[in-house]
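The values are calculated or read from the model by the stated rules, or taken from the named source; none is laboratory data. This is a predicted model, so every value here is computed, not measured. Every residue, glycine as well, gets a Cβ built from its backbone with ideal geometry; the counts of neighbours run over all protein chains shown.
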Amino acid sequence: MAIIKVMEPGFSTAVIDLGRRSFQSSGVPISGPMDRISFRMANSILNNFEGAAVLECTVNGPTLCFDAPTTICVTGAEVDLFLNEDPESTNKTINIEAGDILRIGNCKKGMRCYLGIKHGFHSPEYLGSKSFYYPISPKSFLSAEDELEYSELEQLKPVKQSRIRSSIFLHKESLWVVKGPEWDLVSKQEHKLINSRLTIGPNNRMGYRIDSDIETPNSNMFSSAVIPGTIQLTPAGQLLIATADCQVTGGYPRILVLDEIGLSILAQKRTGQGISLNWKTD
Amino acid sequence: MTLHNHKLTYKAFGDCSLLIEFPVLKKQKELHALIKFQSHLKEKLQHKIFDIVISFNSLCIHFKKPIKLGKIQIKIEQILSDRSYLNQLIYPKHWEIPICLDPIFAQDLIEHFEGDLSKVMKYQKRICDLEFTLGFYGFQPGFCYLAGLPEEMAIQRKKVPNRTTARGSLAVGAQQLGIYPQDSPGGWCVIGKSPIRFFDVNKDNPLFASIGDRISFKPITMEHYAKLKGLVELGMMPLKNTNVYGDN
């Protein structure tokens, strides 16, 4: 098995696949990709199977040394990319030779990029998935000196010069929502939520916090299911958008639900950026 | 269609999940009916779904593909119309969980009772006198929600959650009791701490007990806590269980 040595881990870089879908009833989060569109694109460009494991790199990426030939590609955020210090492009295949060093720099537009590799990363599986999520996996992020296994390619295909222009959604600010199970609690305050500008607050793979001036009605809810995309309203009036590593149940009113495209757009936003929520129409 | 005589409400939740709601189930028999309901649906829908998450007042089916509410509701009602699934037997166990109630592990409860230690101890003693039912897992890996807390013992969730609630903490959130299997932020009121490891990803089944099992708490001293913690760190599971019969 070929090995990648992690020279620099980047801000927070994790092995991610489609996640753990059948352990939610044990309280285990799904831990799929934050930006599913870019995840899919990385695997499609490489003609991988749908759920091949990739590296999800947040804010800035890792520096990696490959010990055998393969083909990779980087999708998602607009990012500085260097192969042996020569600039490379995202959204296209890149051939790698033994000893090559790939450096993924800062995300300039967007916040997360995805490094796909032919046949996927062969990391150990925990509860049926390679996705990092502590304490299911031993760690949440890569560290320097870590090693990642991949398949060596005997023969590299010539690189296609064609490049997919995909970053249109990085500019989008409008997220589609549908009503959540407890929408009725806040339906009278619709104007404060829908089509109004909201500013992204602190965020991580569990969720995004967004300040609002919604008044929280009294509700002493029993905990119930939460899915990625659920927008909960906290007692302090904050919106809490559940993302990839979200809890499987929660006790706050679930007022709205984002779709998968909305989640992908959101995953590329940083603290301080603006979004708006809009009703999804069929 | 009903669950233990409770009316069911169907709601679409996102594109691929169906939420079925009912009044809060409190009785042992009702929880058992819900568990049977869940496993029956899992069996009938197995290829179409990822998982079914239950709570005290809901059941959420996570489908692999987008669903249409009306169509899926008819399908579920069809599945439920054969009530023979209620005849399957379940075999709960009873677990006695060692818990240290030292004030050092009960800061939240002390705060709740504004420093009145006699009220704190009375509350803790009542918890240890009660028997609970493991209703479901949620919130985080292996976090179990226990039913059976009397209404007058409910404690509101904190407006600002604790930055860290320690692994092994036994805590009250509204009318639910739960055990934190990992260190995590937590908005519930901690009343004591157990040395047991409640979730172990290295085991085939990482969970220590099954939904429907009975749980009670046995107070232990700080010395005993330290001793058990040592055993747990060596990989042992110093936890006893017994079978409960005649429960169906």
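Of the conditions (1) touching a residue at least 60 places away in the same chain (Cβ under 8 Å); (2) within 14 Å of chain B (Cβ to nearest Cβ); (3) exposed (fewer than 13 other Cβ atoms within 10 Å of the Cβ), A:P124 fails just one. Which one is it?
(1)
Can you work out which of the residues in segment A:250-282 that are touching a strand residue (DSSP E or B) at 6+ places or on another chain (Cβ under 6 Å) and of a type in the set (S, T, N, Q) is surrounded by the most Cβ atoms within 10 Å (Cβ to Cβ)?
A:Q268
Given the conditions (1) in contact with a strand residue (DSSP E or B) (Cβ under 7 Å, 6 or more places away or on another chain); (2) surrounded by 13 or more Cβ atoms within 10 Å (Cβ to Cβ); (3) not in a loop (DSSP other than H, G, I, E, B), which single one is not true for B:V120?
(1)
Any idea which residue in segment A:215-238 is farthest from the other protein chains (Cβ to nearest Cβ), counting only those that are modelled with pLDDT under 90 and under 25 Å from B:A12 (Cβ atoms)?
A:P217
Is it the case that some residue within segment B:155-169 is more than 13 Å from chain A (Cβ to nearest Cβ), at pLDDT 95 or above and closer than 20 Å to B:Y225 by Cα? Full working, then the answer.
Initially, segment B:155-169 is screened for residues more than 13 Å from chain A (Cβ to nearest Cβ), giving B:162-166, B:168-169.
Next cut, at pLDDT 95 or above only: B:168-169.
Checking which are closer than 20 Å to B:Y225 by Cα leaves us with B:168-169.
Among the residues of segment B:155-169, at least one is more than 13 Å from chain A (Cβ to nearest Cβ), at pLDDT 95 or above and closer than 20 Å to B:Y225 by Cα, which makes the answer yes.
Any chance segment B:86-97 includes a residue that's in contact with an Asp or Glu (Cβ under 7 Å, 6 or more places away or on another chain), within 14 Å of chain A (Cβ to nearest Cβ) and at pLDDT 90 or above?
no
Yes or no: B:Q73 surrounded by 17 or more Cβ atoms within 10 Å (Cβ to Cβ), more than 14 Å from chain A (Cβ to nearest Cβ) and either under 21 Å from A:G251 (Cα atoms) or of a type in the set (S, T, N, Q) (or both)? I'd like the intermediate steps shown before the answer.
Values: surrounded by 17 or more Cβ atoms within 10 Å (Cβ to Cβ): yes; more than 14 Å from chain A (Cβ to nearest Cβ): yes; either under 21 Å from A:G251 (Cα atoms) or of a type in the set (S, T, N, Q) (or both): yes.
Yes; evaluated as a whole, the condition is true for this residue.
Given the options A:L185, A:L233, name the one that is more than 30 Å from A:S89 (Cβ to Cβ) and under 26 Å from the mean Cα position of the chain (by Cα). Write out each step before concluding.
On the way: A:L185 fails: under 26 Å from the mean Cα position of the chain (by Cα).
Going through A:L185, A:L233 in turn, the sole match is A:L233.
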